[in-house]
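Undergrad: Below you will find the structure I want to go over with you.
The values are calculated or read from the model by the stated rules, or taken from the named source; none is laboratory data. All values reported here derive from a predicted model rather than from experimental measurement. Cβ: placed from backbone, ideal geometry, glycine included. Neighbour counts: every protein chain shown.
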Amino acid sequence: MTEGYAATRMEPIAREAGVSTATLYALFSGKAELYSAVIDAAGDDFARRMAHVRAIEGDAREALTSFAEAYADFMGDVFVRSIFRLVVAERPRFQAVASGLFEKGQAAIGATLIDTLKRLSEAGQIKPLEHPSWAAGQLVGMIEHPVFFVSLVTGEEIRIRRTRKQIVDDAVETFLARYGT
């Protein structure tokens, strides 16, 4: 994460991991395979973090807040932003890895939220949604911009004045003002 893909060498990675270079090469044939595994593991981590949100029952505010908190915590993680920076920087070299991370995100984030929105709509807790994916995009966008995008672009130099809880509460409140019954 600190050196970027091109400047990274396997020997320092092995040393940091507390294994021999031979052991690292026994696990990964080279830097490209290790890169792919790190990005894939990050995608799996997010899917695990979001899995518990699928089970959240309750009213619209509770379900959406649960989702939004999990999403904000994940997207606000410095390591996650580092992964995204690396994926964006290396996308031309590793298009399949970038696409795979995007698809995992759609499955973990998009499907989780869309399923929640459909359930809430069917239960009459939010308005019927002609395009649940559009509504989902609106909610995550209200969280993504202050929690993730600003820091991603500025390299952690600019801090948003609101807390994550305030951002989540504002996003859910705004969403319910638009879609609530």
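Undergrad: Out of segment 1-34, which residues are among the hydroxyl-bearing types (Ser, Thr, Tyr), within 20 Å of ARG81 (Cβ to Cβ) and touching a helix residue (DSSP H, G or I) at 6+ places or on another chain (Cβ under 7 Å)? Steps first, answer last, please.
TA: Applying the first criterion (among the hydroxyl-bearing types (Ser, Thr, Tyr)) to segment 1-34 yields 2, 5, 8, 20-21, 23, 25, 29.
Now narrow it down to the ones that are within 20 Å of ARG81 (Cβ to Cβ): 2, 5, 8.
The answer is TYR5, THR8.
Undergrad: Looking at segment 1-37, which of its residues are without any contact (Cβ under 8 Å) to a residue 60 or more places away in the chain, assigned to a loop (DSSP other than H, G, I, E, B) and among the small types (Gly, Ala, Ser)?
TA: Residues of segment 1-37 without any contact (Cβ under 8 Å) to a residue 60 or more places away in the chain: 2-3, 6-31, 33-34, 37.
The next check asks that each one be assigned to a loop (DSSP other than H, G, I, E, B); those that pass are 2-3, 6-9, 18-20, 28-30.
Passing the criteria: ALA6, ALA7, GLY18, SER20, SER29, GLY30.
Undergrad: Still on this model: Test ARG91 against the stated conditions and say whether it is in contact with a helix residue (DSSP H, G or I) (Cβ under 7 Å, 6 or more places away or on another chain) and either polar (S, T, N, Q) or under 26 Å from GLY180 (Cβ atoms) (or both).
TA: Numbers: in contact with a helix residue (DSSP H, G or I) (Cβ under 7 Å, 6 or more places away or on another chain): yes; either polar (S, T, N, Q) or under 26 Å from GLY180 (Cβ atoms) (or both): no.
In short, no.
Undergrad: Those residues that are touching a residue at least 12 places away in the same chain (Cβ under 8 Å) and polar (S, T, N, Q), I need them from segment 147-177; list them, please.
TA: SER151, THR174
Undergrad: I'm trying to understand the selection: among the residues of segment 134-162, which are surrounded by 13 or more Cβ atoms within 10 Å (Cβ to Cβ) and within 17 Å of LEU64 (Cα to Cα)?
TA: ALA135, ALA136, GLY137, GLN138, LEU139, VAL140, MET142, ILE143, GLU144, VAL147
Undergrad: Go through (1) closer than 30 Å to THR174 by Cβ; (2) of a type in the set (Asp, Glu); (3) loosely packed, with under 14 Cβ neighbours inside 10 Å one by one and return the number of the condition ASP44 breaks.
TA: With respect to (1) closer than 30 Å to THR174 by Cβ; (2) of a type in the set (Asp, Glu); (3) loosely packed, with under 14 Cβ neighbours inside 10 Å, ASP44 is out only on (1).
Undergrad: Here is a list of conditions, (1) at pLDDT 90 or above; (2) closer than 22 Å to THR65 by Cβ; (3) in contact with a helix residue (DSSP H, G or I) (Cβ under 9 Å, 6 or more places away or on another chain), and ALA98 meets all of them except one; can you say which number that is?
TA: Every condition holds for ALA98 apart from (2).
Undergrad: Does GLY100 fit the bill of being over 19 Å from GLU33 (Cβ atoms) and of a type outside the set (Lys, Arg)? Before the answer, list the steps.
TA: Values: over 19 Å from GLU33 (Cβ atoms): no; of a type outside the set (Lys, Arg): yes.
It is false that GLY100 is over 19 Å from GLU33 (Cβ atoms) and of a type outside the set (Lys, Arg).
Undergrad: Looking at the structure I just gave you, is ALA41 in a helix (DSSP H, G or I), under 21 Å from ARG9 (Cβ atoms) and in contact with a Phe, Trp or Tyr (Cβ under 8 Å, 6 or more places away or on another chain)? So that I can check it myself, show each step before the final result.
TA: Numbers: in a helix (DSSP H, G or I): yes; under 21 Å from ARG9 (Cβ atoms): yes; in contact with a Phe, Trp or Tyr (Cβ under 8 Å, 6 or more places away or on another chain): no.
No: the conditions fail for ALA41.
Undergrad: How many of the residues making up segment 148-174 are among the hydrophobic types (A, V, I, L, M, F, W, C), at pLDDT 90 or above and under 17 Å from the mean Cα position of the chain (by Cα)? Full working, then the answer.
TA: The initial filter retains those residues of segment 148-174 that are among the hydrophobic types (A, V, I, L, M, F, W, C), namely 148-150, 152-153, 158, 160, 167-168, 171-172.
Filter once more, so that each one left must be at pLDDT 90 or above: 167-168, 171-172.
Filter once more, so that each one left must be under 17 Å from the mean Cα position of the chain (by Cα): 167-168, 171.
The number of residues fulfilling the criteria is 3.
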